[in-house]
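Remarks on the structure that follows.
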Amino acid sequence: MGNTSRRSFVRKLLLAPETVLPPAGDRTLVCIFLRGAADTLNMVIPYGDDEYYRLRPTIAIPPPANGTTGLRLDDFYAFHPNLAPLLPAFNEGRLGIVQAVGTDNPSGSHFEAQDQMEHGESYGHTIGGGWLGRYLRTRAADMTPLSAVAIGPTIPESLRGAPTASAIESIEEVQIKTPSGNASGVASVLSALYAAEGEMVGQAGKATLHLLRRVETLRGAVYTPENGAVYLDDDFSQGLKEIARLAKARVGLEVACLDLGGWDTHFFQGSTSGLQADLIRQLADGLAAFDKDMGAQRDRVVTLIMTEFGRRTYENSSLGTDHGRGFALFALGGLVKGGKVHGHWPGLAEESSSQTDSLNPVGPSGLKVLIDYRSVLAEVLTKFLGHRDVNQVFPNFHPEPVGVVW
Amino acid sequence: MDSKRRGLLKALGLIAAALPLTGCERLISSVTQELGQRIPENLSLPDSSEIDPSFHLLSRAAYGPWPGDLDTLRAMGSEQWIEEQLSPETIDDTVCDLRARRFETIWHEPGTCYEYKKPVLREEITRHTLLRALYSKRQLLEVMVGFWTDHLNINLEKGDCIYLKPADDRLVIRTHALGRFRELIRASATSPAMLVYLDGKENQKKEPGDVPNENYARELLELHTLGVDGGYTQTDVYEAARSLTGWRLRTGWRKGTVYFDQSLHDDGEKRVLGQTIPAGGGATDVDQLVEIACNHPSTAHHIATKLVRRFVSEDPPAALVQRVANVFTSTDGDIKALLRTILTSDEFRAAKGLKFKRPFQYIVSCLRALAADTHAHQQLIEYLLRMGQGPFQYPTPDGYPDRTAPWLGTLLWRWNFAFNAASNHLPTVTVPLEQLAEAIGGKAPFQPEQLMSYFIGRKGSNSELKAIADYQKSNRGDSNYHAELVAVVLASPAFQRC
């Protein structure tokens, strides 16, 4: 954003504080997708429900006590022990959980349910584009090359239709790559050429070159996470590190997407240790480092952690869990109403999961869905990013208040 | 081209098509280069400080000049060139066909694509579109295919659209792109892909109390014909939707084909835009509705405005819009007559270098100017996706915006595209740079003055040439120097515009 537009933004802010959107990239939404359908029942443990222990004799996480057990959140819920790194964020009110979130997708297909969620649709009513893509279209005039970034090899479905979206592994890719490596020569010739150019395109050229200089400074400097945050070497943690780096550099990052896969735990899921426990540890380590690193800038970032559906309430004969329905969604950030598990506990009894309604059509059983996932997304869009017309992003959907964002 | 040569091409085409697909791309490349896409030995260069009028015409009515196009157009004269382009069936396009015809899915009848996997369908229609834009000699047709694809936007990712859009592209868009507007709209109204995209197939009246699904009817009036300020009312939308009830898609046998179910049609009288569609019209209601909507004066104005915006300027000159609207009315929406009016107008001639190229046009015009050899594989498509203009990927019915602002965030990726293209670092794309440079500059190739004239269509300004000269000083001696010089021209603001 140029000086003029920032000035005019400030002016607008002073004149009409309620009708102005924050400048693009002042606030960043990070979307983390746990691909494969994460068993959140073993992440946010309903230890207060005896049914949980009856249904999962082998893989259940023991209730809070001494030793390797659940970590108490309140009188009913506990964290998986490997979520320990996130306990401070929960206790300090930055990490909130929304229980029993989900889609109305009855197919039990990872692919279909992921697509539906990333497109922001209800089952069988496709809209076109991803929900983030549609949101970003409403802000097309403010986009920079780094407004929407997916860390990874491909642009996710949620960003389909975005005015610009970059799939990058790291900030290293945000540069003009010339065969000779004479990047400064190129920057100066482009700078001279665009300086002579008329208003709109000239401004955009200047802004892009400015952005590149900023990123180059970042690239040149070794990035040191703040507040003693330590990112581990795995792709997930390193991806979060790049996101923190971009968010702090104020390069216009509005939306960032990152995946953590491997949650399809049909076989030998494990309990306090094992397959899923390792993934939970990876998730928690990465997010805790990110939370720590963002430090004083936590109010600028909301991170949503979602999955396509939860798993069955009961363990199967191969000590894993099969595809289910509702899941617990995590939200992390300074403006998140944390320290709380939002939403009602639907219960695990057979009768509660066998009753059908619009959110729970016939299909794989599991935790009953009480909150349409779009209600959470819509709340983040309106309350955190200041978006005004949810209908542009989720046509014909009427979000329910969730209360997970201040 | 004489008929003997054409026969040879056809024969070679058959040979190429008969070969197994793997390995034949190289053969197609060499055959097409040998027979039609060779760079002429000498290229004349525009030498005025303003953009050459022929270059301007090729930048707007085509996806930019291919080496030699400028000389061809100058020899023909622009009026004759326009007339030839308005009769695409008279232009031999075998060379392009060799590359673009071989995708199976684009030839299927409506509803027969369900056996293919989605990635195959997506890839084939996308590659076909890009290859036609790049290599077709029927350039104005391709530009208009792009225009109507936006105007009657369908997103592949909605519902079953991906299975149905190939037929829509061929039978609606391509068939009527230079035809009569009313026939285009009529074909689109019951095109299976459109019936899915805008929920027309759900629009029915089963019980007396059933209300119609207005989605398509609304967009028909708001986007496809009258325009949002075209003077229709909510009642018009409702009545139009009633007229459209009963059009269905088969689900089992012959899945995806259209039929009219009289029992789901609201066969009462309708009043749309002040006119009456009498009761009992059944399946002909749609014909009457399309007729009424297309004949409305707002439609002439709306289509004229959009066309003038595309071909002339983001802020369409009112006088030209009015003339084009008048031609629309007097010719019953003859698209060729509209284009003729626009392309021969003073407003068109005066509006040189003012339009910001959208990513698709930027990439295609780069590759055409560079005489690139490509079969449009995914690595190339990725650039379009990154810049937010993947073909058939626009989510909402209004189509990719024809304005500057939404595309300004894409400059960095354009610059990287320019450097990768010119230096032959685009995977699966080959650029004959040395050969091109010799055609441009003879014995002293890669002079900035000549490169500017060739790529921009006018002499470089003093400030442009000075900036490039300074860059030359910083880069002389590097083996990539020549390619980078070309890249700088392609990355310059002048090449972002047309």
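For region B:489-498, give me each residue that is part of a helix (DSSP H, G or I) and either facing chain A (nearest Cβ under 9 Å) or among the β-branched types (Val, Ile, Thr) (or both).
B:489, B:491, B:493, B:494, B:496
Looking at residue A:112, is it in a helix (DSSP H, G or I) and either among the polar types (S, T, N, Q) or surrounded by fewer than 21 Cβ atoms within 10 Å (Cβ to Cβ) (or both)?
Spelling it out, residue A:112 is indeed in a helix (DSSP H, G or I) and either among the polar types (S, T, N, Q) or surrounded by fewer than 21 Cβ atoms within 10 Å (Cβ to Cβ) (or both).
May I ask you to verify whether residue B:160 is at pLDDT below 95, farther than 23 Å from residue B:274 by Cα and touching a helix residue (DSSP H, G or I) at 6+ places or on another chain (Cβ under 9 Å)?
Criteria met by residue B:160.
Residues that are within 16 Å of residue A:373 (Cα to Cα), out of contact with any helix residue (DSSP H, G or I) (no Cβ under 7 Å at 6 or more places or on another chain) and either free of Cβ contacts under 8 Å to residues at least 40 places away in the same chain or not basic (Lys, Arg) (or both): does region A:85-97 have at least one?
The answer is yes, given that some residue of region A:85-97 is within 16 Å of residue A:373 (Cα to Cα), out of contact with any helix residue (DSSP H, G or I) (no Cβ under 7 Å at 6 or more places or on another chain) and either free of Cβ contacts under 8 Å to residues at least 40 places away in the same chain or not basic (Lys, Arg) (or both).
Of all helices (runs of 4 or more DSSP H) completely enclosed by region B:50-159, which ones contain at least 2 residues that are of a type in the set (D, E, K, R)?
Here the list reads B:69-76, B:78-86, B:94-100, B:118-135, B:139-151.
Looking at region A:264-277 only, could you name the residues that are within 18 Å of residue A:60 (Cβ to Cβ) and not β-branched (Val, Ile, Thr)?
A:266, A:267, A:268, A:269, A:270, A:271, A:273, A:274, A:275, A:276, A:277 - these are the residues of region A:264-277 that are within 18 Å of residue A:60 (Cβ to Cβ) and not β-branched (Val, Ile, Thr).
Suppose the filter is modelled with pLDDT of 95 or more and charged (D, E, K, R); does residue B:83 pass it?
So residue B:83 passes the test.
Taking the condition of being closer than 16 Å to residue B:412 by Cβ, facing chain B (nearest Cβ under 7 Å) and out of contact with any Phe, Trp or Tyr (no Cβ under 8 Å at 6 or more places or on another chain), how many residues in region A:186-203 meet it?
Looking only at that region, the number is 3.
Is it true that residue A:145 is under 24 Å from residue A:223 (Cβ atoms), within 7 Å of chain B (Cβ to nearest Cβ) and either in contact (Cβ under 8 Å) with a residue 60 or more places away in the chain or in contact with a His (Cβ under 9 Å, 6 or more places away or on another chain) (or both)?
So residue A:145 fits the description; yes.
Count, please, the residues in region A:306-334 that happen to be in a strand (DSSP E or B) and either of a type outside the set (S, T, N, Q) or within 13 Å of residue A:366 (Cα to Cα) (or both).
Residues meeting the conditions: 10.
Going residue by residue through region A:335-357, is there one that turns out to be modelled with pLDDT of 90 or more, assigned to a helix (DSSP H, G or I) and under 22 Å from residue A:254 (Cβ atoms)?
Looking through region A:335-357, none of the residues is modelled with pLDDT of 90 or more, assigned to a helix (DSSP H, G or I) and under 22 Å from residue A:254 (Cβ atoms).
Out of all the residues in region A:159-172, which are more than 7 Å from chain B (Cβ to nearest Cβ) and either within 22 Å of the chain's Cα centre (by Cα) or not in a helix (DSSP H, G or I) (or both)?
Across region A:159-172, the qualifying residues are A:159, A:167, A:168, A:169, A:170, A:171.
Can you tell me which of A:199, A:226 is surrounded by fewer than 16 Cβ atoms within 10 Å (Cβ to Cβ) and in contact (Cβ under 8 Å) with a residue 60 or more places away in the chain?
A:226
Go through (1) buried (at least 23 other Cβ atoms within 10 Å of the Cβ); (2) closer than 15 Å to residue B:157 by Cβ; (3) of a type in the set (Ser, Thr, Tyr); (4) within 9 Å of chain B (Cβ to nearest Cβ) for residue A:126 and report which single condition fails.
In the conditions (1) buried (at least 23 other Cβ atoms within 10 Å of the Cβ); (2) closer than 15 Å to residue B:157 by Cβ; (3) of a type in the set (Ser, Thr, Tyr); (4) within 9 Å of chain B (Cβ to nearest Cβ), residue A:126 misses (1) alone.
With touching a helix residue (DSSP H, G or I) at 6+ places or on another chain (Cβ under 8 Å), at pLDDT 95 or above and outside any helix (DSSP H, G or I) as the only criterion, which of A:303, A:265 stands out?
A:303
Quick one: residue B:420 ticks every box in (1) surrounded by fewer than 18 Cβ atoms within 10 Å (Cβ to Cβ); (2) closer than 26 Å to residue A:162 by Cα bar one, so which box is it?
(1)
Are any residues in region A:386-398 part of a loop (DSSP other than H, G, I, E, B), touching a Leu at 6+ places or on another chain (Cβ under 8 Å) and at pLDDT 95 or above, and if so, which ones?
Of everything in region A:386-398, just one residue is part of a loop (DSSP other than H, G, I, E, B), touching a Leu at 6+ places or on another chain (Cβ under 8 Å) and at pLDDT 95 or above, namely A:394.
What's the number of the only condition in (1) under 17 Å from residue B:158 (Cα atoms); (2) in contact (Cβ under 8 Å) with a residue 60 or more places away in the chain that residue B:200 fails to meet?
Here residue B:200 meets the rest and fails (2).
Looking at the structure I just gave you, is residue B:416 modelled with pLDDT of 90 or more and closer than 18 Å to residue A:186 by Cα?
Against the criterion (modelled with pLDDT of 90 or more and closer than 18 Å to residue A:186 by Cα), residue B:416 qualifies.
Filter region A:1-50 down to the residues that are basic (Lys, Arg) and at pLDDT below 55 and list them by number.
The answer is A:6, A:7, A:11, A:12.
Return the total of residues in region B:133-171 being within 24 Å of residue B:341 (Cβ to Cβ) and of a type in the set (Val, Ile, Thr).
3
Got a sec? Which strands (runs of 3 or more DSSP E) wholly within region B:186-281 have at least 2 residues that are surrounded by fewer than 18 Cβ atoms within 10 Å (Cβ to Cβ)?
By residue number, B:258-260, B:275-277.
Give the residues of region A:173-185 that are hydrophobic (A, V, I, L, M, F, W, C) and more than 7 Å from every other protein chain (Cβ to nearest Cβ), sorted by residue number.
Listed by number, the residues that qualify are A:174, A:183.
Answer yes or no as to whether residue A:190 is surrounded by 22 or more Cβ atoms within 10 Å (Cβ to Cβ) and more than 22 Å from the chain's Cα centre (by Cα).
So residue A:190 passes the test.
Residue by residue through region A:129-142, note down the ones that are at the interface with another protein chain (Cβ under 8 Å from one of its Cβ atoms) and of a type in the set (A, V, I, L, M, F, W, C).
A:140, A:141
May I ask you to verify whether residue A:207 is of a type outside the set (Lys, Arg) and crowded, with 24+ Cβ neighbours inside 10 Å?
Answer is no for this residue.
What single numbered condition from (1) within 16 Å of the chain's Cα centre (by Cα); (2) surrounded by 23 or more Cβ atoms within 10 Å (Cβ to Cβ); (3) assigned to a helix (DSSP H, G or I) fails to hold for residue A:96?
Looking at each condition in turn, residue A:96 falls short on (3).
Please specify each residue of region A:27-70 satisfying the condition of being among the aromatic types (Phe, Trp, Tyr) and in contact (Cβ under 8 Å) with a residue 60 or more places away in the chain.
A:33, A:52
The values are calculated or read from the model by the stated rules, or taken from the named source; none is laboratory data. No experiment lies behind these values; they were computed from the predicted model shown. As a convention, Cβ positions derive from the backbone with ideal geometry for all residues, glycine included, and neighbour counts pool all protein chains shown.
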